[in-house]
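J.: Please find one structure pasted underneath; my questions will follow.
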Amino acid sequence: MEGTRTMDTVIIGYGKGQISYFLADPELILDVIPADMVTNAMIVAMAAHAYQNDLFIYHVASSVANPLRNSVAADEAYKYFSKHPCVGTDGNIIHVKQLCFLKSMNSFRRYMHRHYKAPLENVTNGCFEDITKSFA
């Protein structure tokens with residue numbers, strides 16, 4: 001896919017089966033706004049204040065007018081990639097699962113420990129040392 005950036009990379013990563021967990025509160029509202037709207041707002045703000053020396057701060061957002069919860073975005077991504085799955089480099093269809101939200105840093109740390117740190121500790125405390133000794 002050409003031109004992926006910011007949120008697109010997360011969505012594409014999910015569709016390719018590379019992301020199945022995400023650190024976020026599913027009930028929080030995403031502030032998603034197309035880049036062309038931000039660009040247009042910046043141009044208008046610059047033109048409106050071109051000859052003024054004061055500092056003006058603008059905030060361009062969409063969450064008030066079009067609220068989108070993390071859970072709704074995840075559900076829509078699941079529906080889309082279930083109906084239009086990505087194809088892996090091996091030619092097989094990639095089946096996505098529902099995105100699981102890690103709602104706190106503690107849940108994120110538990111997930112990382114369970115899936116990454118603990119298996120590495122088991123490897124370094126066990127057979128890995130035996131393998132490295134055989135190459136000495």
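The values are calculated or read from the model by the stated rules, or taken from the named source; none is laboratory data. Computed from a predicted structure; not experimentally measured. Here Cβ is always computed from backbone atoms with ideal geometry, including for glycine, and neighbour counts include all displayed protein chains. SASA here: full protein model, heavy atoms, side chains in, ligands and nucleic acids out. Shrake-Rupley method; radii C 1.70, N 1.55, O 1.52, S 1.80 Å.
J.: Per-residue counts of other Cβ atoms within 10 Å, averaged by peptide: what ranking do you get for 57-69, 8-20, highest first?
T.: The most tightly packed comes first, giving 8-20, 57-69.
J.: Let me ask something else about it. What is the magnitude of the charge dipole of segment 70-124 about its Cα centre, with +1 placed on the Cβ of each Lys and Arg, -1 on the Cβ of each Asp and Glu, and no other charges, expressed in debye to the nearest 20?
T.: 260 debye
J.: Also: Using the Kirkwood formula over every pair of different C-alpha atoms, what hydrodynamic radius in Å results for the chain?
T.: Every distinct Cα pair counted, the radius reaches 19.1 Å.
J.: Now, a different point. Quick one: which residues, 5 or more positions from residue 102 or on another chain, have an amide H under 5 Å from its amide H? H modelled 1.01 Å from N in the peptide plane, none for Pro or chain starts.
T.: 22, 23, 24
J.: So, one more: Starting from the amide H of residue 68, placed 1.01 Å from N in the peptide plane, find each other amide H under 5 Å away whose residue is 5 or more places distant or on another chain.
T.: 30
J.: Determine how large the accessible area of residue 37 is when every protein chain is in place; take a 1.4 Å probe and give Å² rounded to the nearest 10.
T.: 100 Å²
J.: Work out how far the C-alpha atoms of segment 1-62 reach from end to end along every principal axis, then list the three figures in whole Å, largest first.
T.: Between the extreme Cα coordinates on each principal axis of segment 1-62 lie 51, 30, 15 Å.
J.: Given 73, 93, 119, which one lies farthest toward the positive end of the charge dipole of the chain, if we put +1 on the Cβ of every Lys and Arg and -1 on the Cβ of every Asp and Glu?
T.: Checked the options; the winner is 119.
J.: Given a 1.4 Å probe and every protein chain left where it sits, what share in percent of the accessible area of segment 16-108 is carbon and sulfur?
T.: Answer for segment 16-108: carbon and sulfur cover 59 percent of the accessible area.
J.: So if I place +1 on the C-beta of Lys and Arg and -1 on the C-beta of Asp and Glu, and nothing else carries charge, what would the dipole magnitude of the chain be about its Cα centre? I want it in debye, nearest 20.
T.: I would put it at about 460 debye.
J.: Between 81, 101, 56, find the one with the highest GNM mean-square fluctuation for the chain; connect C-alpha pairs within less than 10 Å.
T.: 56
J.: For residue 117, list the lysines whose Cα falls under 22 Å from its own Cα; do not include residues on the same chain fewer than 8 positions away.
T.: 103
J.: Can you give the helix-only mean residue ellipticity at 222 nm for the chain, where every DSSP H stretch with n ≥ 4 adds -39500 (n - 2.57) and the sum goes over all residues, rounded to the nearest 500 deg cm²/dmol?
T.: Counting only the DSSP helices, I get -13000 deg cm²/dmol.
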